[in-house]
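So the structure is just underneath, and the comments pick up after that.
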Amino acid sequence: MTKKHVHSVTVSTLSDPLPSVAAKTKKTHSVWREYVKSRYLFVMLLPVIIWYAIFAYGPIYGIQLAFKEFHILDGINGSPWVGMENFKYLFFQSPDFWLVMKNTVLLSLYHIVFGFPAPIILAILFNEIRYDLFKRIAQALTYLPHFLSWVVLSGIMFIILSPTTGVVNYVMAAFGLEPIYFLGDQNYFRFTLVISAIWKEIGWGTIIYLAALVSIDTQLYEAAIMDGANRWKQTLHITLPCLLPTIAIMFIFRVGGILDAGFDQVLNLYTPGVFSVGDIIDTFVYRMGISQMQFSLTTAMGLFKNVIAFALVLLTNYLVKRSGQEGLI
């Protein structure tokens with residue numbers, strides 16, 4: 001190698017890192033310029049960050065109550081540690097824990113089996129409507145119950161389901177049937193909860209699926225029509241397969257919330273006569289925490305519930321990915 005070549009290699013070797021550092025510096029400045037350019041968007045995001053910091057991440061500090069015997073006068077830090085005693089009491093000594101666990105799981109399974117497919121079916125039906133005015137009116141009517149709180153809806157349901165003056169029992173009596181106290185009979189209470197939850201949320205749940213339906217390539221339907229496929233076969237072989245990724249993601253979220261059986265709904269609709277079939281984890285925590293001030297036990301219950309939900313999300317995500325669909329992670 002000549003002296004000239006050696007000098008050239010040496011210079012190039014020494015000078016290579018300089019453009020790299022300069023490029024990184026330039027990239028950093030470019031990123032900061034983008035941040036500065038979008039500063040007003042970050043200002044708009046600030047209230048959301050503050051809300052999550054206060055109400056989502058701040059309460060994590062109180063998880064330690066699950067492992068303490070909380071004394072309100074001593075505070076969280078001054079209360080003595082008891083280890084796993086609160087969990088042992090819940091699992092082995094509490095007379096109500098396994099009952100509310102059973103009720104919660106059963107109600108959630110009913111919601112998954114009957115409530116989860118409902119917005120999918122309704123979204124497909126909306127997608128088949130060709131009259132835009134009728135479609136908009138139907139969508140608005142199905143969305144409306146979502147914006148009413150369960151406090152309002154529970155009052156309406158108590159009126160229309162009353163065994164003496166309710167319109168439902170009035171119609172049943174016209175057909176010679178005996179009146180039923182849907183909200184006070186243990187045999188019908190869970191059924192009433194599931195049907196009313198579907199009625200309230202089915203319209204709102206269609207929004208995501210309708211957005212997914214809009215993204216389906218219309219050429220697929222045109223090719224199916226050319227092959228002689230009717231509407232049912234188009235739905236079966238085009239619409240549903242294209243919806244599967246969205247369905248998989250929503251299913252993961254739904255299974256992760258299997259221990260959430262609808263606190264607002266149950267709290268406003270149940271009565272002492274249906275506690276044995278309607279009392280769920282959230283209402284149990286509410287009674288124990290607010291009425292009896294058993295903060296350590298209720299924190300242990302909440303922590304147990306969140307751990308189970310997290311584990312179910314990971315398990316469902318794994319199974320969905322194994323089936324060939326996209327998961328969350």
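Coordinate-derived values only; no laboratory data. In this text, all values refer to a predicted model and were calculated from it rather than measured experimentally. Glycine also receives a Cβ, built like all others from the backbone with ideal geometry; neighbour counts cover every protein chain displayed.
Please identify every one of the chymotrypsin sites (Phe, Trp or Tyr not before Pro) in the stretch 70-179 that sits in a loop by DSSP and has no more than 15 other beta carbons within 10 Å of its own beta carbon.
131, 175
Roughly how tilted is helix 97-110, in degrees to the nearest 10 and between 0 and 90, from the longest Cα axis of the chain?
Long axis of 97-110 versus the principal axis of the chain: about 80 degrees.
Using a Förster distance of 25 angstrom, determine the FRET efficiency expected from the C-beta separation of residue 135 and residue 156, and round it to 0.05.
That gives a FRET efficiency of 0.45.
Considering the convex hull of the alpha carbon atoms of the chain, report its projected area averaged over all viewing directions, in nm², one decimal.
32.6
Note the angle between two axes, namely the Cα long axis of helix 240-256 and the longest principal axis of the Cα atoms of the chain, as a number of degrees from 0 to 90, rounded to the nearest 10.
70
Give the long-range amide H neighbours of residue 261: residues separated by 5 or more places, or on another chain, with amide H under 5 Å away, using H modelled in the peptide plane at 1.01 Å from N.
282
In degrees between 0 and 90, to the nearest 10, how far off the longest principal axis of the chain does helix 117-128 point, with axes built from Cα atoms?
Compared with the principal axis, the helix lies near 70 degrees.
Among 272, 241, 59, which one shows the highest mean-square fluctuation when the chain is modelled as a Gaussian network with alpha-carbon springs under 10 Å?
Comparing 272, 241, 59 in the GNM, the peak value goes to 59.
What is the extension gain from residue 229 to residue 44, computed as 0.36 nm multiplied by their sequence separation minus the C-alpha to C-alpha distance, in nm to one decimal?
On the way: separation 185, 0.36 × 185 = 66.60 nm, distance 4.95 nm.
Computed gain between residue 229 and residue 44 is 61.7 nm.
Rounded to the nearest Å, what's the spacing between the alpha carbon centres of the stretch 31-75 and the stretch 142-163? Just the number, please.
Taking the Cα centre of the stretch 142-163 as reference, the centre of the stretch 31-75 is 34 Å away.
Which length gain, in nm to one decimal place, applies between residue 167 and residue 185 when the Cα-Cα distance is subtracted from 0.36 nm times their residue separation? Display every interim value, and only then the final one.
Values: separation 18, 0.36 × 18 = 6.48 nm, distance 1.74 nm.
Using 0.36 nm per residue and subtracting the Cα-Cα distance, I get 4.7 nm.
Calculate, in nm to one decimal, what residue 92 and residue 61 gain on full extension: separation in residues at 0.36 nm each, minus their alpha carbon distance.
Details: separation 31, 0.36 × 31 = 11.16 nm, distance 2.67 nm.
Taking residue 92 through residue 61 to full extension adds about 8.5 nm, to one decimal.
GNM on the chain, C-alpha springs below 10 Å: top fluctuator among 269, 177, 243?
Of 269, 177, 243, the most mobile in the Gaussian network model is 177.
At a Förster distance of 25 Å, what's the computed FRET efficiency of residue 177 paired with residue 102, Cβ-Cβ distance as r, to 0.05?
Values: r = 30 Å, r/R0 = 1.21.
It comes to 0.25.
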